[in-house]
Amino acid sequence: MLVSPSVLSCDFGNIERDTKMLHSSAADWLHIDVMDGVFVPNISFGFPILEAIRKHTDKTLDVHLMIANPDNYLEAFQKAGADILTVHYEACTHLHRTIHRIKELGMKAGVALNPHTPIEVLTEIANQLDLVLIMSVNPGFGGQKFIAEATQKVARLKALRTQKSASFLIEVDGGVNLETGTQLSIAGADALVAGSFVFGSSDPIATINALKAI
Ligand code: DX5
Ligand code: ZN
């Protein structure tokens with residue numbers, strides 16, 4: 001299982017310490033949640049924080065854009081250090097163009113789906129994606145309750161991947177812990193995001209190990 005701890009739940013007063021902790025842990029990626037207060041009802045952080053994280057790790061930065069008009073910022077996210085850039089289906093009118101621009105910039109391209117968005121909207125573009133992010137909460141906040149329907153959605157997405165001979169990774173974000181993570185693994189998830197479960201635990205390194213072992 002690929003594990004991508006969400007920096008959103010870290011201690012921002014100690015971002016260097018927490019980034020180094022994740023760097024030394026078994027985490028595969030670092031999940032970076034960018035929120036603009038327009039696409040989602042919350043504001044998180046932008047380029048300076050991403051650049052600060054980039055300075056302290058060479059692990060894959062898995063950037064999740066919860067912003068309107070992501071096309072305006074793709075190059076800036078590449079310059080700030082993003083390795084995987086995931087945009088929301090619901091925020092992109094011309095998703096095909098957006099995905100190709102992300103790839104032209106040398107990043108892996110992901111698409112996130114809100115809980116209400118059916119996976120079938122990706123049928124025509126499945127072959128061009130590096131990652132699909134299934135939201136198992138409504139985006140905007142850490143620490144929310146897992147929406148159980150996400151598990152079936154993962155299973156159906158895996159079937160779609162086979163049907164289309166596509167190769168994207170399936171990542172799930174929101175309310176992930178050992179119990180929900182195990183269900184998601186059985187359904188076919190390749191990568192799990194976990195914020196409050198990692199940073200709210202007394203031993204984040206051990207918690208990451210436990211998620212890795214799912
Ligand atoms: C939610 C974010 C998530 C969040 C997950 O909008 O996209 O990445 O950090 O937090 P937990 O794991 O606490 O649900
Ligand atoms: Zn996220």
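Every number in this text was worked out from the coordinates using simple rules, so none of it is lab data. From a predicted model like this one, the values you see are computed outputs, not experimental measurements. Reconstructed Cβ throughout: ideal geometry from the backbone, glycine too, with neighbour counts over all protein chains shown.
Residue-wise test of (1) closer than 23 Å to residue 214 by Cβ; (2) within 16 Å of ligand 2 (Cβ to nearest atom).
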{"residue": "4", "(1), (2)": "yes, yes"}
{"residue": "8", "(1), (2)": "yes, yes"}
{"residue": "29", "(1), (2)": "yes, yes"}
{"residue": "35", "(1), (2)": "no, yes"}
{"residue": "46", "(1), (2)": "no, yes"}
{"residue": "55", "(1), (2)": "no, no"}
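Tell me, which residue of segment 64-98 that is farther than 19 Å from residue 139 by Cβ and touching a strand residue (DSSP E or B) at 6+ places or on another chain (Cβ under 6 Å) is nearest to ligand 1 (Cβ to nearest atom)?
Taking the candidates together, the pick is 83.
Among the residues of segment 21-40, how many are assigned to a strand (DSSP E or B) and more than 12 Å from the chain's Cα centre (by Cα)?
Quick first cut of segment 21-40, residues assigned to a strand (DSSP E or B) only: 29-36.
If we keep only those that are more than 12 Å from the chain's Cα centre (by Cα) too, we end up with 35-36.
Counting residues in segment 21-40 that are assigned to a strand (DSSP E or B) and more than 12 Å from the chain's Cα centre (by Cα) gives 2.
Can you tell which of 93, 86, 117 is among the β-branched types (Val, Ile, Thr) and over 20 Å from residue 41 (Cα atoms)? Show your work before the answer.
Numbers: 86 fails: over 20 Å from residue 41 (Cα atoms); 117 fails: over 20 Å from residue 41 (Cα atoms).
Result of the check over 93, 86, 117: 93.
For segment 52-70, state whether one or more residues are touching a residue at least 40 places away in the same chain (Cβ under 8 Å) and farther than 24 Å from residue 180 by Cβ.
Yes, segment 52-70 contains a residue that is touching a residue at least 40 places away in the same chain (Cβ under 8 Å) and farther than 24 Å from residue 180 by Cβ.
Could you list all residues from segment 188-214 that are under 15 Å from the mean Cα position of the chain (by Cα) and among the small types (Gly, Ala, Ser)?
Correct list: 189, 191, 194, 195, 196.
Which residues, taken from segment 184-203, are buried (at least 19 other Cβ atoms within 10 Å of the Cβ) and either under 23 Å from residue 132 (Cβ atoms) or of a type in the set (A, V, I, L, M) (or both)? Break it down stepwise before answering.
Applying the first criterion (buried (at least 19 other Cβ atoms within 10 Å of the Cβ)) to segment 184-203 yields 184, 187, 189, 191-195, 197-199.
Within segment 184-203, 184, 187, 189, 191, 192, 193, 194, 195, 197, 198 meet the criteria.
Taking segment 165-178 on its own, how many of its residues are within 23 Å of residue 33 (Cα to Cα) and away from ligand 2 (no atom under 15 Å from the Cβ)?
Taking segment 165-178 first, the residues within 23 Å of residue 33 (Cα to Cα) are 168-178.
This time we only want the ones that are away from ligand 2 (no atom under 15 Å from the Cβ), so: 168, 177-178.
Total meeting the criteria: 3.
If we scan segment 146-159, do we find a residue that is closer than 30 Å to residue 15 by Cα, buried (at least 18 other Cβ atoms within 10 Å of the Cβ), within 10 Å of ligand 1 (Cβ to nearest atom) and not hydroxyl-bearing (Ser, Thr, Tyr)? Give the steps one after another, and end with the answer.
Keep residues of segment 146-159 that are closer than 30 Å to residue 15 by Cα, which gives 146-147.
Adding the requirement that they be buried (at least 18 other Cβ atoms within 10 Å of the Cβ) leaves 146-147.
Still in the list and also within 10 Å of ligand 1 (Cβ to nearest atom): 146.
Now narrow it down to the ones that are not hydroxyl-bearing (Ser, Thr, Tyr): 146.
Yes - at least one qualifying residue is present in segment 146-159.
Residue 171: within 26 Å of residue 10 (Cβ to Cβ) and either out of contact with any helix residue (DSSP H, G or I) (no Cβ under 7 Å at 6 or more places or on another chain) or surrounded by fewer than 15 Cβ atoms within 10 Å (Cβ to Cβ) (or both), yes or no?
Values: within 26 Å of residue 10 (Cβ to Cβ): yes; either out of contact with any helix residue (DSSP H, G or I) (no Cβ under 7 Å at 6 or more places or on another chain) or surrounded by fewer than 15 Cβ atoms within 10 Å (Cβ to Cβ) (or both): yes.
So residue 171 fits the description; yes.
Can you give me the number of residues within segment 132-145 that are surrounded by fewer than 17 Cβ atoms within 10 Å (Cβ to Cβ) and more than 6 Å from ligand 1 (Cβ to nearest atom)?
2
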